[in-house]
Amino acid sequence: MTVEQQINGASATAPRKRSRRDEILEIAVGLFASRGYHGVSMDDVGAAAGVTGPALYHHFAGKEAMLVAALIPVSEGLLGGGRARVARHPGDGRAALESLIDFHVEFALANPAVIALHLHELDRLPEEPRRQIRRLQRLYVEEWVTVLTALRGELAPAEARVLAHAAFGLMNSTPFLGGEVDRDRRATLLRAATLAALLG
């Protein structure tokens, strides 16, 4: 299942068949996350994917194109998924907030390499795709701000924004978590910590 499918809740029983491009991109993301963008060459990606020379460039113009292909769909998927979660709970701020948290925690647990890539390599992108990602991120944050200010009337939007970013710090800690605690328990702990942080 691709990252986009995971975000958008595609059925795990009938996933779209992954293309060779999806497979190469997943390998590249893992390499970038573990070694750093500058520590990985196109040859490294090709070797790990079992693809050489022209065949690799048939799918991607270069490392920069891989980075763009990895990060923009994720930002689009988070915004679309966040809006959908909020829309399911009109007039119920608590349910909307819990749904947003569930959504983001599941994404974070499923995609730690993507999160690491975003945290450390976003500035490698050219100006235009970087601006596009930042815009999508801001819109996603505002979904959280809208829910928080409706739920907690004492919060100004700027204050809710501080809490939302703090919550992302908690949920996006997944690249740094070891395997000592099983996935379900990690999800439970992250959800509870995030909800407590946001509700004060």
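The values are calculated or read from the model by the stated rules, or taken from the named source; none is laboratory data. This one's a predicted model, so the numbers in the text were calculated from it and none came from an experiment. Here Cβ is always computed from backbone atoms with ideal geometry, including for glycine, and neighbour counts include all displayed protein chains. Surface accessibility is based on the protein's heavy atoms, side chains included, excluding ligands, DNA and RNA. Shrake-Rupley method; radii C 1.70, N 1.55, O 1.52, S 1.80 Å.
What the table shows:
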| item | result |
| --- | --- |
| P(r) histogram, all alpha-carbon pairs of segment 63-199 included - 10 Å bins from 0, percent | 12, 41, 34, 12, 0 |
| In degrees, nearest ten, helix 183-199 long axis to first principal axis of the chain (Cα) | 50 degrees |
| Inter-site label distance for LEU195 and SER19 at 7 Å from Cα along Cβ, in nm | 4.0 nm |
| Carbon/sulfur fraction of accessible area - segment 63-199, other protein chains in place, 1.4 Å, % | 55 percent |
| Solvent exposure, largest accessible area first (probe 1.4 Å, DNA, RNA and ligands not counted), of ASP92, ASP43 | ASP43, ASP92 |
| Accessible-area order (highest first, 1.4 angstrom probe) of the listed residues LYS17, LYS63 | LYS17, LYS63 |
| Folded to 0 to 90 degrees: helix 20-35 orientation relative to the chain principal axis, Cα | 80 degrees |
| Mean accessible surface per residue for segment 10-122, computed with a 1.4 Å probe while every protein chain stays in place, in Å² | 47 Å² |
